[in-house]
1. Among the residues of the stretch 165-221, which ones are more than 19 Å from LEU253 (Cα to Cα) and touching a His at 6+ places or on another chain (Cβ under 9 Å)?
2. Restricting the stretch 193-248 to residues that are open to solvent by 30 Å² or more (accessible area, probe 1.4 Å) and β-branched (Val, Ile, Thr), which is nearest to ILE374 (Cα to Cα)?
3. Which count do you get for residues in the stretch 156-172 that are surrounded by fewer than 19 Cβ atoms within 10 Å (Cβ to Cβ) and either more than 24 Å from SER276 (Cα to Cα) or modelled with pLDDT under 75 (or both)?
4. So, in the stretch 497-546, exactly how many residues are in contact with a His (Cβ under 9 Å, 6 or more places away or on another chain) and under 30 Å from PRO107 (Cα atoms)?
5. Please verify whether the stretch 68-85 includes one or more residues that are modelled with pLDDT of 95 or more, farther than 17 Å from LEU313 by Cβ, polar (S, T, N, Q) and surrounded by fewer than 21 Cβ atoms within 10 Å (Cβ to Cβ).
6. Out of (1) over 18 Å from LEU338 (Cα atoms); (2) open to solvent by 10 Å² or more (accessible area, probe 1.4 Å), what's the single condition that is false for GLU540?
7. Is it true that GLN291 is at pLDDT 95 or above and of a type in the set (S, T, N, Q)?
Amino acid sequence: MDDIPPYPPIDPTTFDLIVIGTGLPESIIAAASSTASKSVLHLDPNPFYGSHFSSLPLADLPSFLSSHSTSPSPPRSPSSDDPNEFSLLEFATRPLYSSIDISTFSPNLLDQHSRKFNLDVAGPRVFFCADKSIELLLRTGTNQYMEFKSVDATFVGDNKGNLWSVPDSRAAIFKDKSLGLVEKNKLMRFFKLVQGHLAGEQDIKISEEDLQSPFVDFLNKMGLPPKIKSFILYAIAMADYDQEDTGVCRDLLKTKDGIDQLALYNASIGRFQNASGAFLYPIYGQGELSQAFCRRAAVKGCLYVLRMPVTALLVDKDTGCYKGVRLASGQDIFSQKLILDPTFKVTLPSGSSPPLPLKEKLPFFSLKDDKGKIARGICITKTSLKPDISNFLVVYPPRSLFPEQVTSIRLLQIASNLAVCLPGMFVLYISALCNDDDQGKKLIHAVMNTLLTVPLDSESNAAVQSETAENGSAVQDETSESSSGGPSDSGEEKPTLLWSALYSQELTLGQVDFICSTPMPDGKLNYNDLIDTTFKIFQEIYPGEEFFPETSLENPEGDGDASPET
């Protein structure tokens, strides 16, 4: 970022809100604030939209990860005309990615077509057809900037390479040959009870005591066999941790929350005419979501400047109150409110003593506030994991791959019909919550070993390997040994790995205090929790404003206009 483009001065120089970073939370806040008639300046040091929520070409992903794996010094800006008016507090960057391993097994093929890939930095992600993100897209009219396709199916995997279909309707339950008659009857009775409870039928209502109990205990009470329990807990309710081991479970799902997840799943199936399943995926990748809200904000008057780093915070010398920011171009821009991408933190000058109000707040803001890590993997193949299906989700419940696996592992296969890769190729996104990098790598490798053939010799990206030597190790330390068992379709060979990227990402929460910071992508499959956090940040900075009032829509569109198909 040393070669700053020769931008003309930004005019005006005072705004209601400055937003730094074009990730999803920042883009939603910029759009909501612009809709509320606030003047907004939206800056991003990157040459693209989306930040940690972006979809990048194959060649750009390693450099993005590497640039956020260390804490480089911020670019220096020219001195102010009046250096005595403000205190300057420089921005520093947080290392948010670690243990980055890039391996290439078909360099000539992929290097020639790098720009034809759109790889999600925060995959795997899908939209439930009835979740909060879809509702927000419809309510704001932002859906007109995006197109979707249906994710065809959901499976539960095991350590032998089998992929078991998750029944999502009565017809699917009856057709499922892997379920016995007793299992089918118990599952039907369970779904009937849940549907009656959600419909408010008094004679089959679930008791309040059961609703507050652990969901796994309620499933045991219903007499559901282990296989069905696993399907419901991890492939429908999307529980993250082993629900039957309270010693390792960090998030024990209550029955009430489990029923809510089942209701979301049920409401998502068949909501849109052209989507047969519960999930949608955006054409061109998840990065389109941030761009859509940026376009919505621009329509409402938000000013955008990309490739513009921000170097320092401007604070009043006497009161310590926030006043504005200094750009890498040397220009000072002022605002009442500031929203920061999680990449940035504020540093105190060495040997200086800031004003008391500032001194009390900065230590809190500068904390890393991480809540663990999530391991992510991206794999490219020329063969689908299921010969007859292109786009689908696979869930590996806890302990399904090896005894020490205490978290769910999720895999999403996306094909070229969603414009994320070359025709005839497939992109696999894998993720799992973890305590550290080594545990995360073990989880991702377990899936790769089970489903893929990994060539013994890799032509690794030497530049990336050297840049990340302090944070990572070679990806091919254990993957040459494949686990026992074949793929679910007998007679079919495992797909061969062409390229892979493995990395760990810090999980950080949003903060609302002296200045506001947005969260990193979380470990969930959808965006519901992120949207809730974004809504709370907006309420804190503008407590009297409505979050996207419906009267603001120029082109209100209903469900019928929000087709997930192109």
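1. ILE204, LYS205
2. Filtering first and then ranking leaves VAL248.
3. Count: 7.
4. Residues meeting the conditions: 3.
5. no
6. (1)
7. So GLN291 passes the test.
Each row is one residue, and each column tells you yes or no for (1) modelled with pLDDT of 95 or more; (2) closer than 16 Å to THR104 by Cα; (3) not in a loop (DSSP other than H, G, I, E, B).
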site	(1), (2), (3)
LEU393	yes, no, yes
PHE402	yes, no, no
LEU411	yes, no, yes
CYS421	yes, yes, no
ILE430	yes, no, yes
ALA446	yes, no, yes
THR450	yes, no, yes
PRO455	no, yes, no
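The values are calculated or read from the model by the stated rules, or taken from the named source; none is laboratory data. For clarity, every value in this text was computed on a predicted model and none was experimentally measured. Neighbour counts are summed over all protein chains in view; Cβ atoms, including those assigned to glycine, are modelled from backbone coordinates with ideal geometry. Please note that ligands, DNA and RNA were not included when accessible areas were found on the heavy atoms of the full protein model with its side chains. Shrake-Rupley method; radii C 1.70, N 1.55, O 1.52, S 1.80 Å.
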